[in-house]
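A short write-up of the structure that comes next.
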Amino acid sequence: METTLPHRSDTQDYAQLLLADVPLLDVRAQVEFAQGALPCADNQPLMEDGERAAVGTCYKQSGQQAALELGQQLVSGATREARIAAWRDWCKAHPDGYICCARGGLRSHIVQQWLRGSGIDFPLVDGGYRALRQYAQDASARQILRPMLLISGNTGCGKTLLVRELAWGVDLEGIARHRGSSFGGMLAEQPSQATFENQLAVTLLQKSQAQGELPGFSWVLEDEGAAIGSRHIPLALRNQMQRADIVVINDPFERRLARLEEEYFRQMAAAFINQLGEEAGWLAFAGYLRHGLSAIRRRLGLENYLRLNAQLEQALVQHRRDNAPGAHLSWLAPLLSDYYDPMYRYQLSKKRDQIRFEGSYEEVKGWLQARGVK
């Protein structure tokens, strides 16, 4: 059978794979992929979770040869042909891609061999996912040491918006798929800790290659706590952030409310409904708001929580009945003024010596641009 793609050699050029977002055919089991994956990887396992577990048990009890024989039995006949067909389709759709397993060992070579037998000559990543992850983490550790600047400010002041506008901005919340607060959850689940770290490392590498260096500092990040949702900022990065210079956005209260109304109520309601349908989407949106308020009920105190929760329920009725997301400002405004704003002021008071500029969104953006940050 003739080869349908030009020959390419197996590779250890981890930098090129990560910098160029080269597609990876990740043939590890689903559970391995869920525990940690690279940004441009697609999971099409040689062995699915149950098959891999059975082979692993056989290996422990009876040795390598028996495990290999069991694997061949489990992935044979129509199952094998279906997987080869799916890999062939993927390879044709991603002719610049590579096969990747955990260590670049047996599974990658089996997939490569089966593809070759079906007419597809396709290369693999020597060292596999673990070598790629190690390279990414080592490179990230070097990048993290470069100077950085943090953008701080009260909830709703546009910190994330500004970070996303900047070529040197690193959107930690986007990578973590969480906006940081008790209401920070998004429709998509957060990545695993390893996947979050991988995406962060690749982002730093790619931006470093594309932008060069800025005078005085390299990275612009939002001022975050130790964790974003359930994902922890790597300790080395966190240590650098704690020492970084800070600029503070001070926008009027009403402007902040308008931003939050758009993002948390109008856009989130629409996103839930678009994904789940009208009824299920609305119920999910309401559950998202209830969960966010409930998560901080102890800090609010029972009396305050019950009052705000009653206002939230009234706002949900009005929002749906009148298509009025602004109804939520009845409980959001006191939540900001009595809870989030005092907490922010306390946290910022401990960093006063690091503040280099304060102003409105536009003034902070202008201050950055005057220093070459585009």
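No lab work stands behind these numbers, since they all come straight from the coordinates. As the structure is a prediction and not an experimental result, all values here were calculated from the model. Using ideal geometry, Cβ is built from the backbone for each residue, glycine included, and neighbour counts are taken over all protein chains shown.
Here are some notes:
- Cα centroid separation - the stretch 70-86 against the stretch 123-185, whole Å: 39 Å
- ALA41 long-range amide H proximity, modeled H, under 5 Å: LEU24
- When the GluC sites (Glu not before Pro) in the stretch 1-49 are filtered for DSSP coil states and for at most 14 other beta-carbon atoms within 10 Å of their beta-carbon, the remaining sites are GLU2.
- This ranking places THR160, THR57 by how few other beta-carbon atoms lie within 10 Å of each, fewest first, which gives THR57, THR160.
- Ordering CYS101, LEU19, GLN35 by the projection of their Cα atoms onto the charge dipole of the chain, which places +1 on the Cβ of Lys and Arg and -1 on the Cβ of Asp and Glu, puts GLN35 at the extreme positive end.
- Mean Cα-pair separation over length for the chain, i.e. relative contact order, pairs under 8 Å, 6 or more apart, %: 18 percent
- 14 Å beta-carbon shell around PRO123, net charge (K/R +1, D/E -1): -3
- Cα gyration tensor shape of the stretch 87-139, rounded if a/c is under 1.5, else prolate or oblate by comparing a/b with b/c: oblate
- Shown in residue order for the stretch 249-260 are the 3J(HN,Hα) couplings computed by the Karplus curve 6.51 cos²θ - 1.76 cosθ + 1.60 at θ = phi - 60°: 8, 10, 9, x, 4, 5, 5, 5, 4, 5, 4, 5 Hz (x for Gly and Pro).
- Karplus-derived HN-Hα couplings along the stretch 117-124 (A = 6.51, B = -1.76, C = 1.60, θ = phi - 60°), whole Hz, x at Gly and Pro: x, 9, x, 10, 9, 9, x, 10
- Secondary structure note: in the stretch 145-374, about 15% of the DSSP beta bridges are antiparallel.
- Between ALA280 and ALA15, the simple label model (points 7 Å from Cα in the Cβ direction) yields a spacing of 4.8 nm.
- Length added when fully stretched, GLU313-VAL31, from 0.36 nm per residue minus Cα-Cα: 97.6 nm
- For LEU124, the residues 5 or more places off, or on other chains, whose built amide H falls under 5 Å of its own are ASP10, THR11, ILE99.
- The charge dipole of the chain, taken about the Cα centre with unit charges on the Cβ atoms of Lys, Arg (+1) and Asp, Glu (-1), comes to about 840 debye, rounded to the nearest 20.
- By other beta-carbon atoms within 10 Å, ranking LYS365, LYS374, LYS351, LYS159 with the fewest at the front produces LYS374, LYS351, LYS365, LYS159.
- Relative contact order of the stretch 74-140, defined on C-alpha pairs under 8 angstrom at six or more residues apart (%): 32 percent
- Angle in degrees between helix 49-62 and the longest Cα principal axis of the chain, rounded to the nearest 10: 50 degrees
- Packing-based ranking, highest mean first, of 271-283, 109-121 given that Cβ atoms within 10 Å are counted: 109-121, 271-283
- Rel. contact order, % - alpha carbon contacts under 8 angstrom, at least six apart, the stretch 93-220: 26 percent
- Karplus-derived HN-Hα couplings along the stretch 171-181 (A = 6.51, B = -1.76, C = 1.60, θ = phi - 60°), whole Hz, x at Gly and Pro: 7, 4, 5, x, 5, 7, 6, 6, 9, x, 8
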